[in-house]
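Please treat every number below as a calculation from the coordinates, not as lab data. It should be emphasised that the depicted structure is a prediction, and the values quoted were computed from it without experimental measurement. Don't worry about glycine lacking a Cβ; one is built from the backbone with ideal geometry, like all the others, and counts go over all protein chains shown.
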Amino acid sequence: MKNLFAILFIALAMSSCSNKEKEEAAKQAAIAAVKDSIRLDSFKRADAENKAKLAELEQKKAAEAKQQAEEKRLMMLAEERSAANAPAVTSQNSSTTTTTTTEKKGWSSAAKGTAIGAGAGAIGGALIDKKKGRGAIIGGVVGAGTGYVIGRDKDKKSGRAQ
């Protein structure tokens, strides 16, 4: 019986020592895992913050570029209007006189109005009149005249026509 108690005591002592070591190793592993997790989480947060800052910078650059384009467009419009208001410019160099006139390119509002009015009038006249050709001609002429009057008024307001 004494041998049996001695064996049990030795086995109990051995198992208690090894359990503490295993528990200690498990605690150390858990602590290391938590530290790694925290470190990884901080890297992820830092990466997310960097991405947010980059996106913010890109938005600011895009807004600045848009604002510069708008300012450039406004400057071009102002130059066109000033050029339309002062069509003839004379300058004198020693004994030479140079005259330049700037004109806007493209269709005037009167021309656009005439074309649109003629087309709409022709279609409307053809639909309304039983004799398609006669209605289209009359509608086209009336539409063209109306479109010209409206377009000419727009040209006067914009400074293109005096």
At 20 °C and 1.002 mPa s, the Stokes-Einstein diffusion coefficient in µm²/s for segment 18-73, with hydrodynamic radius from the Kirkwood sum on alpha carbon pairs, is 142 µm²/s
Quick calc: nm separation of the 7 Å Cα→Cβ label points for residue 4 and residue 48 -> 6.3 nm
Restricting to aspartates and glutamates and to Cα separations under 17 Å from residue 61, and discarding same-chain partners fewer than 8 apart, the set is 70, 71
Within the under-12-Å Cβ sphere about residue 112, not counting residue 112, Lys/Arg +1 and Asp/Glu -1 give a net charge of +2
Violations at 25 Å Cα threshold for listed pairs 72/157; 60/105; 112/157; 66/112; 105/157 -> 60/105; 66/112
Simple SL model, points at 7 angstrom along Cα→Cβ for residue 116 and residue 76; separation in nm is 2.2 nm
